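Worksheet: one structure, shown below.
Only the coordinates and a few stated rules stand behind these numbers; no lab work does. Keep in mind it's a predicted model, so treat the numbers as computed, not measured. Every residue, glycine among them, receives a Cβ derived from its backbone with ideal geometry; neighbour counts consider all protein chains shown.
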Amino acid sequence: MEDLFESEKRKERVILVGVAGQGQEEKVYWSMKELAELTNTAGAEVVEQVVQNRESIHPGTYVGKGKIDEIRQMLYVREADGIICDDELSPAQMKNLEDELECKVMDRTLLILDIFASRAKTSEGKIQVELAQLKYRQARLVGLRSSLSRLGGGIGTRGPGEKKLEMDRRLITDRIAALRRELQEVQKHRDLIREKRKKGQLKVCAIVGYTNAGKSTLLNVMTDADVLEEDQLFATLDPTTRVLDLPGGQQVLLTDTVGFINKLPHHLIEAFQGTLEEARYADILIHVVDASNPQMEQQMQVVYDTLKQLGAQDKTVLTLFNKQDKRNPEEHNFTDPHADYILKTSLKYLKGPDQIKGTLEEIIKSQQIFIDRLYSYTEASKVALIRSFGQLVSEEYLPEGIKVQAYVPKERYGNI
């Protein structure tokens, strides 16, 4: 019997291509570094990186003719399968590059969509990713424009037929419409859940931050959520919500959200609107920052820009400068002008959870009013309201009534 050997699947070999305008060299350097991490996350191998310094991106081919000749030679020498450009390419740029280089051409958006497709586990996540992919492809359909395809047979199908490109476009349009209907149903379900949360009066804390900053680690450390943790970009995609018990006995809901990234494709923001809205409807935002990343401040700005785009900028923000174990705290003055509260943490080594819980309790109490009063027994319904919507500190039954000390939400104070 012949011996069987398993052969490891060959990784795609790609060349990364970027364009740096005047004064943008450092910014593009870090963007290309991140693109390399995305490429590794997608399972491909980076064999070379090329950056062209020019005033602006070439409208027809992204890079100039001389650089295209250099890349063509590089593809041959490095035995690469294709290129990945650091910006979203227009349909014309992608087609022209494919014609010039005769290889697979991808851009940053396509790469991120591919990673999202591999990470989506829930039905909602899969619908959102497919919708984003179809919207991306809709504008980039290519085909044999002169070829005609016959549709089925029989009465009503005779004639010149339909151009393949037009048929593909129609099929994609129909599929997008169907996916949007499915997402609307999911959105209705999500809205019902939010209404139940409001009735339960549990405060919602949304965890936001740049991808790979430690959001999933925070959720696991605080609630034993058992969410996947990996030192990779977009290790987790589907949002997870867990109940967190605070020291004073009060509970809050802790919700993980999709990680943000520089040049986050607008297709994704639109498709993931329902998921990202968790940040907009939250009472408190916990902004997790990778303090060990040299581009920390730029990453923070990306997060706040995205939150503004979602209409979630006017929230109480607790910023966690995480991964302190990887960086000397004395090297940097950790500040965040958008934050109301700041903590330094190293969640991987369980440094910070107690301070986080204490700060969350402090935030919630700042949104409440402390009452210390005696209610007559005819006002027992008000005490029931306090139990439902507030935080009861003490409750004592006396001959003359019920003596209560409690924190109640400001919006409920008039009823109590």
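Largest first and in whole Å, the equivalent-ellipsoid semi-axes of segment 293-347 read 22, 12, 9, each the square root of five times a Cα gyration tensor eigenvalue.
Distance between the pseudo-spin-label points of K11 and Y76 (7 Å out from Cα toward the beta carbon): 2.6 nm.
Summarising the label geometry, the points placed 7 Å from Cα in the beta-carbon direction at K95 and E297 lie 4.4 nm from one another. In this calculation the C-beta distance from E48 to D325 is compared with R0 = 35 Å, giving a FRET efficiency of 0.55. Calculated on the Cα set of segment 283-401, radius of gyration then Dmax: 20.3, 65 Å. Between the listed residues T335, Y377, L320, the Cα displaced farthest toward the positive end of the dipole of segment 289-389, a dipole computed from Cβ unit charges relative to the Cα centre, is found at Y377. Dipole magnitude for segment 276-327: about 160 debye, using +1 per Lys or Arg Cβ and -1 per Asp or Glu Cβ, origin at the Cα centre. Greater than 18 Å separation of Cα atoms is the criterion. Which listed pairs, K215/K357; K203/K315; K121/K263, meet it? Over 18 Å apart, Cα to Cα: K121/K263. Put a plus charge on the Cβ of each Lys and Arg, a minus charge on the Cβ of each Asp and Glu, and nothing anywhere else: the dipole of segment 325-416 about its Cα centre is then about 220 debye.
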